Amino acid sequence: MSCPAERRLRKELLELLTNPMPGIYIDEEKVAKNINEWIVTIEGAEKTIYEGETFQLQFSFNEKYPFDSPTVLFIGKIPVHSHIYSNGHICLSILTDDWTPALSVGAVCLSIRSMLSSATKKERPPDDMIYTRTCSKNPKKTKWFFHDDTV
Amino acid sequence: MSFIINFIRAVLDAMLELFSFGRKGISNKLPIFVKTNTGKQISLNLDPEWNISNVKRLVAPSLGISPDEVKIIFAGKELEDCTRISECDLGTQSVLHAVKSRSRSEIETKSKKCLETLFDDENVGDVPSKPLSSTLVDLQLKGEERRDSESNIKAKAHFFVHCPECKKLCRGKLRVRCNICKGGCFTVHRDPECWDDVLVPKKIQGHCESKEIACMSDEENGLPFAEFYFKCAEHGSGGEKDYAAPLTLIKMNLKKVPCLACGDISDPVLVFPCVAGHTSCLDCFKLYCISRLQERQFISHREFGYTLACPVNCENSFIQEIHHFKLLEKDYYDRYQQFGAEEFVLQSGGVLCPQPNCGMGILVDENCNRVHCQNGCNFVFCKICKQGYHIGDCLPESAISNNMSVSEFSVNPSRVAGARWDEASKIAIQVTTKPCPKCRTATERAGGCMHMACTRAGCNFEWCWICQTEWTRDCMAAHWFG
Ligand SMILES: [Zn+2]
Ligand SMILES: [Zn+2]
Ligand SMILES: [Zn+2]
Ligand SMILES: [Zn+2]
Ligand SMILES: [Zn+2]
Ligand SMILES: [Zn+2]
Ligand SMILES: [Zn+2]
Ligand SMILES: [Zn+2]
């Protein structure tokens, strides 16, 4: 018998493959190789400043998932956004403090996509320079001061 | 006249039945005890196919009365003549109680009863009925659930306990006794309908026939109260003193609710005491506890003890009955107890021994800075700086490693051999951990930032590794890293 984390992830995967969400695509092959590492492609929504761009999110899960939040960061081309650091770290409270096991990969992708959609200006966070030089490799080790309450 | 004939016939029947044991063998017989209120104890082997009237005929001679006059009481209820033994949820070595009916009219109502079981709604109090266990099936259900489950469970009650004997989650059985004499020959006046009826003392009255003179209480009507308790249903009954803690959050998953974490539908499940009734399978519950335990995220609740709330962070969802944590494997449960004790020490103003591999909780004298790890490693240390005890002001952090010899160790010969290793790990621990400036819990530094956050539940203090005070914008500017 597989561990609960793995069972949960298989269910989430099946759900996302049978009922895909608009603008969110799962790299099935990568997941098939290792259920604990997902690559999800996010399309910038129409009529937003990211229209026509695609970005990749990397999810890593540990054996305590879903009681522990997944580690989520952008890889490759990093969207320029006031809550996304140039090293791919995302300042989003549901990824750390406000995570609950009732959330899911799908819910995280949706929040990130709507965070992108609500932006009106392409700019990095004000502390991007110093943060990216000093932070831990793991964004979960950062004690975030959430930039505002709307995220 | 007919009474005497009946009596003789009963004795003969009883003897025949006793002889028939020899012929049938003992394969599926259930050994039980019958206690009388005259102090006798009779051991019997019952055929599960028999009904209570058979039992009465077996017991009547020892009481010197006719079977009609015998009342059989089990788990708080008088049992009807036509109830089959197999319906009674008796385990081997269970104890039934047999008493003489107090009045003639009681006997008459009773003999009619069996024919009219369908109409026994009035007069519920004293009327013999089904065994308590089967009337309790829906104690854990409410309203609507009760209706739709009636058809699909004819089964027995499903209470769960942590059994100290089997050392695991077991099906439990509810039992009742008199709150005055603790005797089990007790009839309840109404069925318990919810957990409160069972767990809160003095909710339900009844009468006690354990002693020849009925027990009386100080209440207005003089009746004693029912005292409910739980036993494990999975090992042979260890007699009347064999208790187990009820796990009130463990339920049969009749509604087939998927686990909030893994999504599987399993049975039984743990339902958190939040309004939403968030449901978790037992594997995921353990996982949840372990992950919170490792991060010291359990909460010391003033009323309930060291506990957790619903993982979805619902309000008012603390687990009140901490026996639920006994579901953890022994190592984790031990850690749970240790952390719980440490938390208690910290909250009562005590300190934890700073020696690596010790961590003993020590309650301290408010006016004295010298702390002796008396029941642990014997280390003597300063309450303020957590270094070896010293006279005068605490030394700055950097001076300490060079000045170790100044500290006064209480020398314990058996520990001298290990001292070098202790010394080495003491230096190692200074490099990687520092106490939280607020609660003094050792915190490891992870990653490159100097920005620390105490992981201890209820503290969460954000502090600076360099200044060892609260993290400020100045810290970011001056030494965020490096
Ligand atoms: Zn047991
Ligand atoms: Zn009594
Ligand atoms: Zn589960
Ligand atoms: Zn909840
Ligand atoms: Zn010690
Ligand atoms: Zn000191
Ligand atoms: Zn602290
Ligand atoms: Zn500082």
Only one of B:Gly448, B:Gly418, B:Gly458 is at pLDDT below 80 and on the phi > 0 side of the Ramachandran plot, namely B:Gly458
For the condition more than 24 Å from B:Gly388 (Cα to Cα) and either crowded, with 16+ Cβ neighbours inside 10 Å or over 19 Å from the mean Cα position of the chain (by Cα) (or both), what is the one hit in B:Leu363, B:Leu328, B:Leu352? B:Leu328
Residues (over 24 Å from A:Leu9 (Cβ atoms) and crowded, with 16+ Cβ neighbours inside 10 Å) located in segment B:272-298: B:Pro273, B:Cys274, B:Arg296, B:Phe298
Sole residue being within 14 Å of chain B (Cβ to nearest Cβ), in contact with a strand residue (DSSP E or B) (Cβ under 8 Å, 6 or more places away or on another chain) and surrounded by fewer than 20 Cβ atoms within 10 Å (Cβ to Cβ), chosen from A:Gly106, A:Gly76: A:Gly106
Quick one: count up the residues across segment B:267-300 that are among the hydroxyl-bearing types (Ser, Thr, Tyr) and at pLDDT 90 or above. 3
Do you know which residues across segment A:91-140 are assigned to a loop (DSSP other than H, G, I, E, B) and either of a type in the set (Gly, Ala, Ser) or under 16 Å from A:Tyr50 (Cα atoms) (or both)? A:Ala102, A:Ser104, A:Ser118, A:Ala119, A:Thr120, A:Lys121, A:Lys122, A:Glu123, A:Arg124, A:Ser136
Restricting segment A:68-90 to residues that are under 10 Å from the mean Cα position of the chain (by Cα) and assigned to a loop (DSSP other than H, G, I, E, B), the one farthest from A:Leu110 (Cα to Cα) turns out to be A:Gly88
Please go through segment A:44-60 and give me each residue that is surrounded by fewer than 20 Cβ atoms within 10 Å (Cβ to Cβ) and in contact (Cβ under 8 Å) with a residue 60 or more places away in the chain, ordered by number. A:Gly44, A:Ala45, A:Thr48, A:Ile49
Scanning for something within 12 Å of the chain's Cα centre (by Cα) and on the phi < 0 side of the Ramachandran plot, does segment A:117-127 turn up at least one residue? no
Complete set of residues in segment B:289-343 that are aromatic (Phe, Trp, Tyr), in contact (Cβ under 8 Å) with a residue 24 or more places away in the chain and away from chain A (no Cβ under 14 Å): B:Tyr306, B:Phe318, B:Phe325, B:Tyr336, B:Phe339
Can you name the residue in segment B:256-271 that is more than 22 Å from A:Val105 (Cβ to Cβ) and touching a residue at least 24 places away in the same chain (Cβ under 8 Å) and is also surrounded by the most Cβ atoms within 10 Å (Cβ to Cβ) among such residues? B:Leu270
Only one of these is within 9 Å of chain A (Cβ to nearest Cβ) and under 23 Å from the mean Cα position of the chain (by Cα): B:Cys274, B:Cys284, B:Cys262. Name it. B:Cys284
Residue list for segment B:175-206, filter: open to solvent by 50 Å² or more (accessible area, probe 1.4 Å) and among the hydrophobic types (A, V, I, L, M, F, W, C): B:Ile180, B:Cys194, B:Leu199, B:Val200
Does B:Asn253 satisfy the condition of being more than 14 Å from chain A (Cβ to nearest Cβ), open to solvent by less than 40 Å² (accessible area, probe 1.4 Å) and more than 16 Å from the chain's Cα centre (by Cα)? yes
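So that you can scan it fast, the table gives a plain yes or no per residue for (1) assigned to a strand (DSSP E or B); (2) away from chain B (no Cβ under 14 Å); (3) over 15 Å from the mean Cα position of the chain (by Cα); (4) not hydroxyl-bearing (Ser, Thr, Tyr):
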| site | (1), (2), (3), (4) |
| --- | --- |
| A:Lys30 | no, yes, yes, yes |
| A:Ile42 | yes, yes, no, yes |
| A:Ile49 | no, yes, yes, yes |
| A:Pro66 | no, no, no, yes |
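The values are calculated or read from the model by the stated rules, or taken from the named source; none is laboratory data. As the structure is a prediction and not an experimental result, all values here were calculated from the model. Methodologically, a virtual Cβ is constructed for each residue, glycine included, from the backbone with ideal geometry; neighbour enumeration extends over all protein chains shown. Heavy atoms of the whole protein, side chains included, go into the accessibility calculation; ligands, DNA and RNA do not. Shrake-Rupley method; radii C 1.70, N 1.55, O 1.52, S 1.80 Å.
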